[in-house]
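Working notes, beginning with the structure itself.
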Amino acid sequence: MITSIKKRDGRVVPFDEGKIEQAIEKSFMASGSQKTADTARELAALVVATVENDESIPTVPTVEQVQDVVEKVLIEH
């Protein structure tokens, strides 16, 4: 389970899945997608599961690592 994330400035802060959900929703709006908040929530959960199961990503992932997974999930779905 992800409990912390390493920010770009090096700080380690509590992990908030809601921020991933918000970023996905913003990408939907920016692209003109009709996808809903429920879809964003489902995709955010998939991102978290992917990060947790990827052995190449450390226990405390970086923002960049999570962002890469978000992009991959959005492209796949």
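The values are calculated or read from the model by the stated rules, or taken from the named source; none is laboratory data. Keep in mind that this is a model prediction, so the values were computed, not measured. A quick note on method: Cβ atoms are made from the backbone with ideal geometry, for glycine too, and the neighbour counts reach across all protein chains shown. Areas reflect the complete protein model, heavy atoms only, side chains present, ligands, DNA and RNA absent. Shrake-Rupley method; radii C 1.70, N 1.55, O 1.52, S 1.80 Å.
Being of a type in the set (A, V, I, L, M, F, W, C), open to solvent by 40 Å² or more (accessible area, probe 1.4 Å) and out of contact with any strand residue (DSSP E or B) (no Cβ under 8 Å at 6 or more places or on another chain) is a property that holds for residue 74.
Taking the numbered list (1) modelled with pLDDT under 95; (2) open to solvent by 50 Å² or more (accessible area, probe 1.4 Å); (3) touching a helix residue (DSSP H, G or I) at 6+ places or on another chain (Cβ under 7 Å) in turn, residue 41 passes all entries but (1). Figure legend. Inter-residue proximity from segment 1-30: first residues under 16 Å from residue 51 (Cα atoms) and in a strand (DSSP E or B), second residues modelled with pLDDT of 95 or more and of a type in the set (A, V, I, L, M), beta-carbon distance below 6 Å, spacing 6+ or different chains. Indicated pairs: 4/12; 4/60; 6/12; 6/60. Kindly establish whether residue 20 is in contact with a Leu (Cβ under 9 Å, 6 or more places away or on another chain) and either surrounded by fewer than 17 Cβ atoms within 10 Å (Cβ to Cβ) or more than 15 Å from residue 77 (Cα to Cα) (or both). In short, yes.
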